[in-house]
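Enquirer: There's a structure below that I have some questions on.
The values are calculated or read from the model by the stated rules, or taken from the named source; none is laboratory data. Just so it is clear, the model here is predicted, and its values are computed rather than measured. Ideal geometry is used to build each Cβ from the backbone, glycine not excepted, and the neighbour counts take in all protein chains shown. With ligands, DNA and RNA removed, areas are computed over all heavy atoms of the protein, side chains included. Shrake-Rupley method; radii C 1.70, N 1.55, O 1.52, S 1.80 Å.
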Amino acid sequence: MTMPPNGHASAVIDEISKEIIEQLQEDGRRSYAAIGKAVGLSEAAVRQRVQKLVDSRAMQIVAVTNPLELGFTRQAMIGITASSDINGTADRIAAVQEVDYCVVTAGSADILAEVICSSDEDLLRVISKIRGTEGVVSTNTYTYLSLKKQEYNWGTR
């Protein structure tokens, strides 16, 4: 795997690294020895490849939770219209602690930010914080009423 000038992993990841990613998406706690057996590498080689994937930001290993079960009763996607500095505004939005997902888009909103909050009052506070962020012109909030699917196992296709 090579690192381009932007510091992110190249889109070119070899087949063995893809197999390792898929093994970890099936079970993030799978041992390096078990992964090695499945992909034909030693435990040490798998450990090294996983560390390179994590260091290059091609992959994260995290526990995926259901926010509702942890007391976060309000989730929302906020569509943001930005002034001319869309990337700078997106960086400032991404720095807000309650924002767990932030992307620049080519749609009616310039930026989409997903937030997870503990209550309606907390959501209102976060929306106010986002609206007060430099570069934000307007927001449109889509409050989640029901979580139907949240999976991160789409593999490496």
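Enquirer: For the range 136-157, give me each residue that is of a type in the set (S, T, Y), closer than 12 Å to Q75 by Cβ and either in contact with an Asp or Glu (Cβ under 8 Å, 6 or more places away or on another chain) or open to solvent by 80 Å² or more (accessible area, probe 1.4 Å) (or both).
Expert: Scanning the range 136-157 gives a single hit, Y142.
Enquirer: When the range 104-121 is examined, which residues are found to be surrounded by 14 or more Cβ atoms within 10 Å (Cβ to Cβ) and modelled with pLDDT of 95 or more?
Expert: Once the filter is applied, which keeps residues that are surrounded by 14 or more Cβ atoms within 10 Å (Cβ to Cβ) and modelled with pLDDT of 95 or more, the range 104-121 yields V104, A109, D110, I111, L112, A113, E114, V115.
Enquirer: Which residue is least open to solvent (accessible area, probe 1.4 Å), if the candidates are limited to the range 48-60 and must be part of a helix (DSSP H, G or I) and touching a residue at least 40 places away in the same chain (Cβ under 8 Å)?
Expert: L53
Enquirer: Residue check, I78 against (1) over 30 Å from E19 (Cβ atoms); (2) open to solvent by 20 Å² or more (accessible area, probe 1.4 Å), all met but one. Which one?
Expert: (2)
Matching residues to (1) among the β-branched types (V, I, T); (2) touching a Pro at 6+ places or on another chain (Cβ under 9 Å):
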residue: D55; (1), (2): no, no
residue: M59; (1), (2): no, no
residue: N66; (1), (2): no, no
residue: T73; (1), (2): yes, yes
residue: I78; (1), (2): yes, no
residue: T81; (1), (2): yes, no
residue: D120; (1), (2): no, no
residue: T143; (1), (2): yes, no
residue: K148; (1), (2): no, no
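Enquirer: Same structure, new question: Scan the range 36-47 and tell me whether some residue there is touching an Asp or Glu at 6+ places or on another chain (Cβ under 6 Å), open to solvent by 50 Å² or more (accessible area, probe 1.4 Å) and at pLDDT 95 or above.
Expert: No, there is no match, as no residue in the range 36-47 is touching an Asp or Glu at 6+ places or on another chain (Cβ under 6 Å), open to solvent by 50 Å² or more (accessible area, probe 1.4 Å) and at pLDDT 95 or above.
Enquirer: A follow-up question, please. For the range 43-86, which residues satisfy the criterion of being on the phi > 0 side of the Ramachandran plot and over 15 Å from the mean Cα position of the chain (by Cα)?
Expert: If the condition is that a residue be on the phi > 0 side of the Ramachandran plot and over 15 Å from the mean Cα position of the chain (by Cα), then G71 is the only one that fits.
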